[in-house]
Amino acid sequence: MKRICSIYKSPRKDGMYLYVLRADALKQVPASLLSAFGTPVHAFDMVLTPERTLAREDIHKVLENLDSQSYHLQMPPPEEDYIEHLPEELLRRNDPV
């Protein structure tokens, strides 16, 4: 099952992406989701197959969502994930208490 999809990024939330079938573009995405997402900014197109690995998403879930609802919404990681990757010196407070 090969899918050619377009990936759009949200101008409102860093790390939020919308995967859609390229042939459908944004036609199948509910208006309420687009309203919350903001005006989609096209990031890139890619071919998705069950064998492909995605950095932050389960490829099988993405393909399932594309088949069932014609889109997949990738949410940004929780903020705690960002903090865990900061260098230790940035996590320490520098000002006296």
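The values are calculated or read from the model by the stated rules, or taken from the named source; none is laboratory data. Please read all numbers here as calculations on a predicted model, not as lab measurements. In this analysis, Cβ positions are derived from the backbone assuming ideal geometry, glycine residues included, and neighbour counts consider all displayed protein chains. These accessible areas exclude ligands, DNA and RNA; they are computed on the full protein's heavy atoms, side chains included. Shrake-Rupley method; radii C 1.70, N 1.55, O 1.52, S 1.80 Å.
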The set of residues whose placed amide H lies less than 5 Å from the amide H of ARG22, leaving out same-chain residues fewer than 5 positions away, is ILE4, CYS5, SER6
If the chain between ALA25 and GLU51 were fully stretched, how many nm would it gain, using 0.36 nm times the residue separation less the Cα-Cα distance?
7.0 nm
One quarter of the convex hull surface, Cα atoms only: what value does that give for the range 3-74 in nm²?
4.3
Just read off the accessible area of LYS9 with the full protein assembly in place, 1.4 Å probe, to the nearest 10 Å².
90
Can you pull out the GluC sites (Glu not before Pro) in the range 47-80 whose DSSP state is coil and whose Cβ has at most 12 other Cβ atoms within 10 Å?
GLU51
Probe radius 1.4 Å, ligands and nucleic acids ignored: give me the carbon and sulfur share of the accessible area of the range 3-74 as a rounded percent.
49
At 1.4 Å probe size, with every protein chain present, just tell me what the per residue accessible area of the range 3-74 comes to in Å².
57
Would you mind calculating the gained length between HIS60 and LEU73 on full extension (0.36 nm times residue separation, minus the Cα-Cα distance), in nm to one decimal?
3.3 nm
Could you give me the ³J(HN,Hα) list for the range 6-11, computed from phi with Karplus coefficients 6.51, -1.76, 1.60 and θ = phi - 60°, whole Hz, x at Gly and Pro?
10, 10, 10, 9, 7, x
Gain upon complete extension [PHE44, LYS2; 0.36 nm per residue less C-alpha separation]
13.4 nm
